[in-house]
């Protein structure tokens with residue numbers, strides 16, 4: 001028995017070396033295949049080699065640059081609101097008694113609530129009493145003025161009579177002196193009496209005028225005080241009358257902010273009234289479009305399978321969450337089937353031009369800030385610098401960089417990765 005370990009020496013056999021042609025066969029086969037591809041589809045291969053990238057045409061959307069009308073508008077959803085929806089407040093502090101419920105139809109000047117204000121009612125009674133007292137003071141002042149005027153007139157008349165008596169006495173004394181029947185001293189006394197009488201008359205006349213003016217001023221002051229008090233009473237009467245809160249419009253009670261028999265402070269919110277005879281549609285507009293919105297712009301309102309002409313009535317000056325509230329009113333007769341807070345479609349025309357060089361709007365407008373576009377020329381899409389102008393929901397104006405008839409990739413150009421030249425594969 002052979003106990004030696006067997007090895008592989010008897011199995012290993014040297015192989016004859018392969019010829020050089022066989023070793024190069026894979027390389028030659030590759031060269032032959034490449035030559036065949038170039039010969040059979042050389043044009044296509046050259047196109048692929050001359051482009052930065054290749055994208056399937058199925059992934060792209062194309063549009064042709066053309067001269068056509070450009071309509072700029074803003075569209076969105078709006079809701080029906082009342083053009084007039086006043087909120088009523090408490091005219092004074094007190095207990096409120098409601099006479100209507102939410103949803104009740106109301107007429108203009110109908111009493112909706114009453115405020116019981118004892119403080120205001122008592123104050124009115126006090127001021128009315130003051131009016132009566134001032135009226136009595138005025139009457140008393142007028143009577144006193146007439147009495148004093150009569151007394152002053154009497155004093156003036158007495159002074160005038162005394163002067164006349166002094167004139168007559170001087171005339172008699174003068175005649176007697178000339179006749180030698182009296183002494184010159186009597187004539188001089190008569191002259192002194194006349195001078196004294198004239199002075200008394202002048203004083204009486206002056207005093208009568210001054211006192212009359214003083215009495216007139218006193219009476220006028222009393223009248224002014226009475227008039228001022230009457231105005232105060234009239235204002236209080238107005239405030240008391242306003243304690244009956246009335247509807248300012250024909251409409252419907254909207255919301256009640258308080259419960260019945262609630263004690264409220266002055267200017268507290270009580271309820272709202274909705275005027276359903278004048279409805280408007282309110283929509284939220286992006287801040288960028290809101291800058292161009294102006295009252296009076298034409299619009300279109302649609303809903304329930306119908307369309308109505310509209311007109312912008314107001315634009316809010318306040319921006320909330322990047323949006324601005326705008327309202328449209330119906331240009332013609334208001335539809336009868338509309339309801340508060342009903343949703344409608346709204347469209348506002350911002351601008352319309354008949355002949356504008358433009359192209360259909362697509363994602364390319366937002367890519368790169370709209371500074372370039374890809375123009376299709378043959379089998380290639382070439383990157384071209386452009387300048388865009390006005391934009392609508394459907395079209396965008398081309399200011400420069402493109403010509404009428406150019407075919408532009410309006411969407412899908414993000415697949416180009418910013419390449420300058422891209423092959424469009426079938």
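Every residue, every condition in (1) in the same structural domain as residue 257 (by TED's automatic domain parsing); (2) surrounded by fewer than 16 Cβ atoms within 10 Å (Cβ to Cβ); (3) touching a strand residue (DSSP E or B) at 6+ places or on another chain (Cβ under 8 Å), yes or no:
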| residue | (1), (2), (3) |
| --- | --- |
| 96 | yes, no, yes |
| 104 | yes, yes, yes |
| 109 | yes, yes, yes |
| 112 | yes, no, yes |
| 124 | no, no, no |
| 127 | no, no, no |
| 133 | no, yes, no |
Q: Please tell me if residue 55 is surrounded by 12 or more Cβ atoms within 10 Å (Cβ to Cβ), part of a strand (DSSP E or B) and modelled with pLDDT under 85.
A: yes
Q: Output yes when any residue across segment 166-180 is assigned to a loop (DSSP other than H, G, I, E, B), farther than 30 Å from residue 398 by Cα, modelled with pLDDT under 90 and in the same structural domain as residue 214 (by TED's automatic domain parsing), and no when none is.
A: yes
Q | Condition met for residue 193 (assigned by TED's automatic domain parsing to the domain that holds residue 339, free of Cβ contacts under 8 Å to residues at least 40 places away in the same chain and either touching a strand residue (DSSP E or B) at 6+ places or on another chain (Cβ under 6 Å) or over 30 Å from residue 123 (Cβ atoms) (or both)) | A | no
Q.
Given the condition in a strand (DSSP E or B) and over 13 Å from residue 364 (Cβ atoms), answer yes or no: does some residue in segment 398-411 qualify?
A. yes
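Rundown of residues vs (1) in contact (Cβ under 8 Å) with a residue 12 or more places away in the chain; (2) buried (at least 18 other Cβ atoms within 10 Å of the Cβ); (3) in contact with a helix residue (DSSP H, G or I) (Cβ under 9 Å, 6 or more places away or on another chain), yes/no style:
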| position | (1), (2), (3) |
| --- | --- |
| 281 | yes, yes, no |
| 286 | yes, no, no |
| 299 | yes, yes, no |
| 302 | yes, no, no |
| 305 | no, no, no |
| 321 | no, no, no |
| 326 | yes, yes, yes |
| 333 | no, no, no |
Q: Being touching a helix residue (DSSP H, G or I) at 6+ places or on another chain (Cβ under 8 Å) and outside any strand (DSSP E or B) is the filter; apply it to segment 352-396 and report the residue that is surrounded by the most Cβ atoms within 10 Å (Cβ to Cβ).
A: 364
Q.
Taking the criterion of being modelled with pLDDT of 90 or more, within 30 Å of residue 259 (Cα to Cα) and either assigned by TED's automatic domain parsing to the domain that holds residue 374 or not in a loop (DSSP other than H, G, I, E, B) (or both), would at least one residue in segment 61-79 satisfy it?
A. yes
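The values are calculated or read from the model by the stated rules, or taken from the named source; none is laboratory data. All figures in this text were calculated on a predicted structure; none of them were measured in a lab. With ideal geometry, Cβ positions are generated from the backbone for all residues, glycine too; neighbour counts draw on all protein chains shown.
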